[in-house]
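These notes are about the structure you will find just below.
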Amino acid sequence: MLEIKNLHAGIEGNEILKGINLKVNAGEVHAIMGPNGSGKSTLAQVLAGREEYNVIEGEVNYNGKNLLDLAPEDRAREGVFLAFQYPVEIPGVSNTNLLKTALNEIRKYRGEEELDTIEFLSLVKEKMKLVELDQKFLSRSVNEGFSGGEKKRNEIFQMAVLQPKLAILDETDSGLDIDALKIVANGVNKLRSKDNATIVVTHYQRLLNYIVPDFVHVLYNGKIVKSGGKELALKLEDMGYDWVKSNVAETVAG
Amino acid sequence: MEKTIEIKDWYISNFGEFEKRLNGGKENSIHEKRKRALSNFSKLEFPTIKDEEWKYTSIAPLLKYNFAPTYEKKNVSKEFIKSLLFDEMEHSLIVFINGRYSAEHSDLLNLHKGVIVGSIANEIKNNNEVLLKHFDKYADHQNHIFTALSTAYTEDGAFIYVPAGRIVKEPIHIIFITTSADKKILTQPRNLFVAEKSSQVTIIEHYACDEESTYFTNAVTEIVAEENAVVDHIKLQEESKKAFHIARMEVDQERNSNFSSHLISTGADLTRNEFNARFNDEGGECTLNGLYMIDGTQLFDAHTLMDHAKPHCNSYEHYKGILDDKSRGVFNGKVIVRQDAQKTNAFQENNNILLSDEALVNTKPQLEIFADDVKCSHGATIGQMDEDAKFYLKSRGIGEEVGNGILLHAFASDVVTSIKIGSIRNYIEKIITEKFNQ
């Protein structure tokens with residue numbers, strides 16, 4: 001589904017990603033872990049198409065298309081979804097308005113009929129249960145005045161409605177209490193299928209107790225320095241990121 | 001300078017013709033006021049950008065034309081009027097065409113006994129006592145040349161009187177239509193709204209035209225909210241982009257009265273809107289909200305004054321602007337808190353979005369506070385659209401054009417959510433939607 005080859009990218013002249021290689025197949029969950037500043041969020045933003053970041057080198061193939069050639073909105077329409085680390089507040093735009101417009105723009109792109117209000121509302125109501133959001137929430141402005149947990153749940157709710165092929169969760173767990181974390185993880189798990197893939201970007205192993213990954217990658221200093229199964233996450237939790245750092249140093253020295 | 005004098009003479013020289021057409025109205029006591037105003041007008045000069053209050057608004061383009069009242073009868077279609085109405089709302093309708101009351105298009109509901117809704121020309125004829133008591137009392141013309149011009153040429157406009165204790169549930173919708181076929185028409189709507197003790201009324205002042213022609217609207221509105229009265233005022237300006245619109249509203253608020261005004265404007269060629277409110281007693285509350293959405297070479301100037309003369313009053317003011325192309329906006333919001341006015345709460349905010357590099361806003365909050373136990377704040381912002389929000393929408397599959405529409409709509413809607421009547425909000429939402437294609 002997704003193949004990243006030797007991706008170098010940065011912002012304002014600083015190279016942050018220094019040669020990322022990653023292959024994600026349908027049905028898989030990949031966790032990308034790493035210390036702060038290692039480039040995790042940059043990777044997520046570059047995949048979503050944030051204009052401030054520039055790609056210096058490398059390619060990203062997504063379902064046979066060159067992802068880097070697509071405008072951010074077209075990436076979304078092709079099924080890429082980014083759950084933001086810091087979801088943006090948009091005063092005056094209701095959650096309903098955002099979702100209905102988004103869904104119908106995506107359907108138009110795919111040559112599908114737009115949903116009418118009744119169809120839309122029944123879809124939305126079904127998906128709300130997934131993240132245990134109250135109906136009143138629909139008429140509220142997007143993320144405005146939401147608690148941290150509500151914002152993250154809203155991201156997963158949007159994901160549930162838009163049904164992406166490739167979901168990238170950028171530190172969706174950061175700052176969540178255990179109850180909110182369980183709700184978010186539960187939502188993600190229910191959306192897992194053999195046809196879609198998920199990249200979970202996280203700093204903490206804790207989330208991976210609830211969203212069990214098939215692969216874990218450790219990102220350090222703009223490169224993936226270690227890959228393995230879910231047990232790698234546990235090892236990281238035990239030994240801390242310093243272990244990775246010294247490990248990398250050894251490898252370089254050796 | 002020479003040209004200005006010429007134009008002044010032009011407006012003065014038309015007075016003879018105007019008097020002749022008054023049909024006996026000359027014997028009326030209002031006519032003395034007209035003549036005094038004319039004499040004032042002849043003594044005053046049109047402002048230039050050297051005047052502090054007109055620093056960013058040059059009226060030179062307005063003075064290039066010889067605007068004059070028309071005495072020709074013109075009509076507009078029923079369909080056109082219908083297009084200006086709010087859906088699904090019981091209301092009283094008063095229509096003025098080229099400044100004159102149109103009985104044919106007006107539609108007055110059966111109002112409570114004593115409530116008067118209609119043409120000010122009629123009430124002048126009837127020597128209405130309320131009119132005589134309040135007319136010309138609040139919009140002083142000693143130093144205001146456009147008000148002097150209005151008062152001198154007072155002919156018609158809306159008169160609303162709500163006696164003590166009456167609640168007028170159905171909004172009163174006043175529509176001023178200019179249909180001029182480019183004949184450089186001057187209309188001077190002159191309105192007086194009086195809400196007596198503990199009464200309540202909603203009034204919509206709606207300015208429209210049926211074609212893109214050049215004309216001059218010089219409107220003066222005086223509003224009295226007596227003790228404990230609730231007056232909700234909405235002004236809609238949907239005029240020709242070639243028109244000139246100079247307007248002034250003076251609000252007199254007595255004890256515990258509550259006044260709100262929402263101004264929604266898509267501008268004209270040149271618009272100057274002065275809203276002034278005064279608390280004459282304690283416990284008053286006043287909301288002044290505004291939204292201007294302009295483009296091309298339009299100029300929109302909002303001047304407001306909140307005069308906190310007495311303690312324990314609250315004022316809220318929020319003006320928002322969206323400016324495209326080479327349009328220019330001016331916001332000048334003055335808040336005076338006088339020495340006696342302790343426990344005043346006064347909040348003011350002006351936010352602008354510029355959609356092009358050439359659009360320009362001059363915003364000037366002016367707080368003059370002479371009391372020491374008050375809560376006042378003001379803020380002004382001028383910016384572009386929020387890039388984070390734009391990217392967020394894109395990441396959800398919503399492209400630039402639709403996304404901008406959504407964001408601008410949201411920015412604009414903010415100041416109209418406090419309008420209490422849904423049908424009016426819907427109509428305004430429609431104006432915003434048409435404007436931003438979303």
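The values are calculated or read from the model by the stated rules, or taken from the named source; none is laboratory data. Model, not experiment: these values are computed from the prediction. Every residue, glycine among them, receives a Cβ derived from its backbone with ideal geometry; neighbour counts consider all protein chains shown.
Observations, loosely collected:
- Residues of the range B:314-342 satisfying the condition of being closer than 15 Å to B:Ala277 by Cβ, without any contact (Cβ under 8 Å) to a residue 40 or more places away in the chain and buried (at least 20 other Cβ atoms within 10 Å of the Cβ): B:Ser315, B:Glu317, B:Val337
- Lone unmet requirement of (1) touching a strand residue (DSSP E or B) at 6+ places or on another chain (Cβ under 8 Å); (2) closer than 21 Å to B:Ser395 by Cβ for A:Val161: (1)
- Residue selected from the range B:393-406 under the condition facing chain A (nearest Cβ under 7 Å) and touching a residue at least 12 places away in the same chain (Cβ under 8 Å), by the criterion nearest to A:Leu98 (Cα to Cα): B:Ile406
- Matching residues, the range B:306-332, being of a type in the set (A, V, I, L, M, F, W, C) and closer than 19 Å to B:Thr381 by Cα: B:Ile322, B:Leu323, B:Val330, B:Phe331
Here's the yes/no breakdown for (1) in contact with an Asp or Glu (Cβ under 7 Å, 6 or more places away or on another chain); (2) buried (at least 17 other Cβ atoms within 10 Å of the Cβ); (3) at pLDDT 90 or above; (4) not charged (D, E, K, R):
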position: A:Phe137; (1), (2), (3), (4): no, yes, no, yes
position: A:Glu144; (1), (2), (3), (4): yes, no, yes, no
position: A:Asn154; (1), (2), (3), (4): no, yes, yes, yes
position: A:Gln158; (1), (2), (3), (4): no, yes, yes, yes
position: A:Pro164; (1), (2), (3), (4): no, yes, yes, yes
position: A:Asp170; (1), (2), (3), (4): no, yes, yes, no
position: A:Lys190; (1), (2), (3), (4): no, no, no, no
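- Strands (runs of 3 or more DSSP E) within the range B:69-150 that include 2 or more residues free of Cβ contacts under 8 Å to residues at least 24 places away in the same chain: B:100-107
- Residue list for the range B:267-298, restricted to those being among the aromatic types (Phe, Trp, Tyr) and within 18 Å of B:Thr147 (Cα to Cα): B:Phe275
- Per the listing B:Asn289, B:Asn218, the residue uniquely touching a helix residue (DSSP H, G or I) at 6+ places or on another chain (Cβ under 6 Å) and part of a strand (DSSP E or B) is B:Asn218.
- Flag for B:Asn345 being more than 30 Å from A:Thr96 (Cα to Cα) and either touching a Ser or Thr at 6+ places or on another chain (Cβ under 8 Å) or exposed (fewer than 15 other Cβ atoms within 10 Å of the Cβ) (or both): yes
- B:Ile406 being crowded, with 20+ Cβ neighbours inside 10 Å and touching a strand residue (DSSP E or B) at 6+ places or on another chain (Cβ under 8 Å): yes
- In the set (1) more than 30 Å from A:Asn247 (Cβ to Cβ); (2) surrounded by fewer than 19 Cβ atoms within 10 Å (Cβ to Cβ); (3) hydrophobic (A, V, I, L, M, F, W, C), the condition left unmet by A:Val55 is number (1).
- Within the range A:136-164, the set of residues being away from chain B (no Cβ under 13 Å), under 20 Å from A:Thr101 (Cβ atoms) and assigned to a loop (DSSP other than H, G, I, E, B) comprises just one member, A:Phe146.
- Single unsatisfied condition, B:Lys390 versus (1) within 14 Å of chain A (Cβ to nearest Cβ); (2) part of a loop (DSSP other than H, G, I, E, B): (2)
- Count of the range A:48-77 residues which are closer than 25 Å to A:Lys151 by Cβ and more than 10 Å from chain B (Cβ to nearest Cβ): 1
- Test result for B:Ser413, in contact with a helix residue (DSSP H, G or I) (Cβ under 8 Å, 6 or more places away or on another chain), more than 22 Å from A:Ala71 (Cβ to Cβ) and within 13 Å of another protein chain (Cβ to nearest Cβ): yes
- For A:Gly27: the one exception among (1) out of contact with any Leu (no Cβ under 8 Å at 6 or more places or on another chain); (2) away from chain B (no Cβ under 14 Å); (3) part of a strand (DSSP E or B): (3)
- Extreme residue, farthest from A:Gly92 (Cα to Cα), among residues of the range B:416-438 that are among the aliphatic types (A, V, I, L, M) and within 12 Å of chain A (Cβ to nearest Cβ): B:Ile432
- The set of residues in the range B:302-357 that are touching an Asp or Glu at 6+ places or on another chain (Cβ under 7 Å) and either hydroxyl-bearing (Ser, Thr, Tyr) or at positive phi (or both) comprises B:Thr304, B:His312, B:Asp325, B:Ser327, B:Lys343, B:Ser356.
- Exactly one residue out of A:Val88, A:Val80 is touching a Pro at 6+ places or on another chain (Cβ under 8 Å), at the interface with another protein chain (Cβ under 9 Å from one of its Cβ atoms) and of a type in the set (A, V, I, L, M), and it is A:Val80.
- Among the residues making up the range A:91-135, those that are within 13 Å of chain B (Cβ to nearest Cβ), over 28 Å from B:Val416 (Cβ atoms) and not in a helix (DSSP H, G or I) are A:Arg110, A:Glu112.
- Candidate set from the range B:295-319 (those that are in contact with a Lys or Arg (Cβ under 8 Å, 6 or more places away or on another chain) and among the hydrophobic types (A, V, I, L, M, F, W, C)); member that is nearest to B:Met249 (Cα to Cα): B:Leu305
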